[in-house]
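Quick note: the coordinates plus some simple rules give every number you see, no bench work behind them. Values in this document were obtained by computation on a predicted structure and should not be read as measured data. Every residue, glycine as well, gets a Cβ built from its backbone with ideal geometry; the counts of neighbours run over all protein chains shown.
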Amino acid sequence: MRLTFDQEKRVIKRLLEHLGASEEEARITAEVLAEADLRGFGSHGILRLPYILRALRRGTIIPNAKMRVIRETPSTALLDGGHGLGHPVAVRAMKLAIKKAKKTGVSAVAVRNTNHFGIAGYYAQLATDENLIGIVTTTTDPLVCPWGGAEPVIGTNALSVGIPAEPHPVLLDMAMSSAARGKLVEARKKGEKIPENWAIDSEGRPTTDPAKALKGALLPFGGVKGYALAVILEILAGPLGGSAAGKEVHGTLEPISGFSTKGDFMMAIDPLVFGPLEEFKTRVRRFLDEIKASRKAKGVREILLPGEPEFRTRDRHLIEGIPVADEVWAEVNRIAKEIGIDILKEIR
C-alpha cells in the first residue's frame, strides 16, 4: 500500500475530527504523523494512529484540549497540555520557545500533561525554519534497561537538535535506545528478526526475536554513554517540569487505564545574540563542507550529515508515495469502519 503525503494527511485528519479533535489539532497531528512516514520513521507515522484513535474513544486523550501556560518568565514557560493530542501541544510549546528566544536570545519550555508527539525532529525544525537552533527531548514509558540492568527503568527519551543550514538544516533526531520500540513492533508485524544488540528478553538475555524483546527491554545506544545521557534527558523532560520519571511514566505507548504522565522539554537559541546570522551560517557551512570532503573509509561512497538520509528519503517518498504496511492499513481501516467512516473515499 502506498499513499501520497496529502492522502495520508486526509485520512488521519478525517478520523481525528470524527472523534472530536478540533480542525487545528487534527491538521497538526496529521501533518506530523505523515511527515514521520515521509522521512522514513515508520514507527512514528500512521502506525501510531490506531493507538491515538483508541485513546480518544476511551477518553484517555482529550480532544479539543485546553492548553494553558501555568508558569512563565520572559525566557521560560511551563505549559500544561490538558491531556490533549501530543503533536499540537508540542507545536505550541516550540512556537512559544521560538517567540521567547527572539526576544531574550535563549528560551526553555517544559511541558506536562501531554501525550506522544511523534518525531522530535519536527519540532526542532520549527526552530531552524526561523533561523534558530532548536533542542527537543521527551520521556516515554520505561523501555530501556540501565547499563548492566535486566529490566526497563528508563525511557527511550528522544533527543533532537536542529541547526539552521543550507540546503537543509543539520537535524539530529535519535532515541536513547539502540532502536525505537516502534521498530520492534514493525519487525514483529513483518515477521522479521532484529539485530542482537537492540534488546534483551525478559530474562536479560540478548535476543533477535522482536516478540521476546517487547517483553524484555531495549538496550541503551552506545553502552554506558547512551545510558548516562538517557538519565539526564529524563530529568530535564520529566521532573524539571513536574512530570514523572522512571517507572512512574506511563501512557506514551498508549494511554489505556489513565492519562499519560510523560513530559517534554524544548529550547530555542537565537544565533544573533552571539553575532551576525550570516557569519554563523558561513562558519557552519565551512565545517559541513569539510566533513563531506574528508577522506572516506574503504568501501564508503559518501559521508552523510545528521538528517541528510531522512531528507533524501522524504524527497523519494514525495515522488514514489509513502509505503504503508498491509497490517497497519488494515488496522486503520478496521477502526474507521467501526466509527462509520470509509477511508477509501479519503484517498480517491
*At a Förster distance of 30 Å, what's the computed FRET efficiency of residue 202 paired with residue 57, Cβ-Cβ distance as r, to 0.05?*
0.45
*Overall Cα dimensions of region 1-60 - principal axes, largest extent first, Å*: 30, 20, 18
_Spacing of the two label points (7 Å from each Cα toward its C-beta) at residue 99 and residue 211, in nm_ = 5.0
_Can you compute the modelled spin-label distance between residue 302 and residue 287, with each label point 7 Å from Cα toward Cβ, in nm?_
2.2
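Over region 86-163, what is the mean sequence separation of C-alpha contacts under 8 Å (at least six apart), divided by residue count, expressed as relative contact order in percent? Mind showing how you got there, number by number?
Working: 120 pairs, mean separation 20.5, N = 78.
Across region 86-163, relative contact order equals 26 percent.
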*Using Cα centres only, tell me the gap between region 9-37 and region 247-308 in whole Å.*
25
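Relative contact order for region 65-273: what percent, with Cα pairs under 8 Å and sequence separation of 6 or more?
On the way: 557 pairs, mean separation 53.0, N = 209.
Across region 65-273, relative contact order equals 25 percent.
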*Volume per residue, Å³, of the convex hull around the alpha-carbon atoms of region 93-189?*
127
*Give or take rounding to whole Å, what are the principal axis extents of the alpha carbon atoms in the chain, in descending order?*
57, 49, 43
*asked:* Of all beta bridges DSSP finds with both residues in the chain, what is the antiparallel percent, to the nearest 5?
replied: 85
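Viscosity 0.692 mPa s, temperature 37 °C: give me the Stokes-Einstein translational D for region 225-290 in µm²/s, with Rh taken as the Kirkwood radius over C-alpha pairs. Don't skip to the answer; put the middle values down first.
Numbers: Rh = 15.0 Å.
Once the numbers are plugged in, D ends up at 219 µm²/s.
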_Cβ-Cβ FRET estimate between residue 193 and residue 150, R0 fixed at 25 Å, reported to 0.05_ = 0.70
*What is the Rg over Rh value, at two decimals, for region 183-241, using alpha-carbon atoms and the Kirkwood definition of Rh?*
1.08
*Relative contact order of region 229-348, pairs being alpha-carbon contacts under 8 Å that are 6 or more residues apart, as %*: 12
*How far is it, in nm, from the label point at residue 240 to the one at residue 318 when both lie 7 Å from their Cα along the line to the Cβ?*
3.3
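Strictly over 28 Å apart at the Cα level, which of 225/247; 66/190; 102/281; 13/102 would you flag in this model? Show your work: numbers first, answer last.
Details: 225/247 21 Å; 66/190 38 Å; 102/281 17 Å; 13/102 32 Å.
Checking Cα-Cα distances, 66/190; 13/102 exceed 28 Å.
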*Leaving out same-chain residues fewer than 8 places away, which aspartates and glutamates sit with a Cα under 17 Å from that of residue 95?*
24, 25, 31, 72, 80, 129, 130, 264, 270
*Just rank 227, 51, fewest to most, by other beta-carbon atoms within 10 angstrom.*
51, 227
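Once you have the Cα-Cα distance between residue 342 and residue 106, take 0.36 nm times their residue separation minus that, and quote the gain in nm to one decimal.
On the way: separation 236, 0.36 × 236 = 84.96 nm, distance 4.69 nm.
Contour length minus Cα-Cα distance gives 80.3 nm.
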*Once the mean 1/r over all distinct Cα pairs of region 8-107 is inverted, what Kirkwood radius in angstroms do you read off?*
14.3
_Just to verify a number: FRET efficiency for residue 72 and residue 274, C-beta to C-beta distance, R0 = 25 Å, to 0.05?_
0.50
